[in-house]
Amino acid sequence: MKTVKMVTLLLAVMLLAPIGALASHHYHGCYGKGYTWDMSKLDSDQDRTLSFEEYSQKKVDLMRSGFDKIDTNGDNLIDEAEWDAIREAHGVERVE
Ligand SMILES: [Ca+2]
Ligand SMILES: [Ca+2]
């Protein structure tokens, strides 16, 4: 049961992580200010094609950034206190 709860929490974090970034004014939409139309900047192996991993890496980096902002003690987990802190920072009522 505890595992299910942690997985649910992790999924919620993955979906809501950009909200955390928004609070600190570092999230600016799907790809943010760092979005580029310069394909070579996304093409990490420089083979002049984009794999899905290359295409999506910026989004992954943004989600990681949001996760790290919420994970204030840096243990690579978001506990309830950290979750409550970011929720309260956004004025969101706790969902029971
Ligand atoms: Ca490539
Ligand atoms: Ca943590």
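Just so it is clear, none of the values below were taken in a lab; they were calculated from the coordinates. Please read these numbers as outputs of a predicted model, since none were measured by experiment. As a convention, Cβ positions derive from the backbone with ideal geometry for all residues, glycine included, and neighbour counts pool all protein chains shown.
Below, the figures for the structure above:
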| item | result |
| --- | --- |
| Burial order of peptide ranges 68-81, 46-59 (average beta-carbon count within 10 Å, highest first) | 68-81, 46-59 |
| Counted charge near Lys41, where neighbours are those whose Cβ lies closer than 13 Å (Asp, Glu -1; Lys, Arg +1) | -3 |
| Summed side-chain charge close to Val95 - residues other than Val95 whose Cβ falls under 12 Å, Lys, Arg +1, Asp, Glu -1 | -1 |
| Residues of type aspartates and glutamates that Lys41 reaches as a straight line, Cα spacing below 19 Å, ignoring anything fewer than 8 places off in the same chain | Glu53, Glu54, Asp61 |
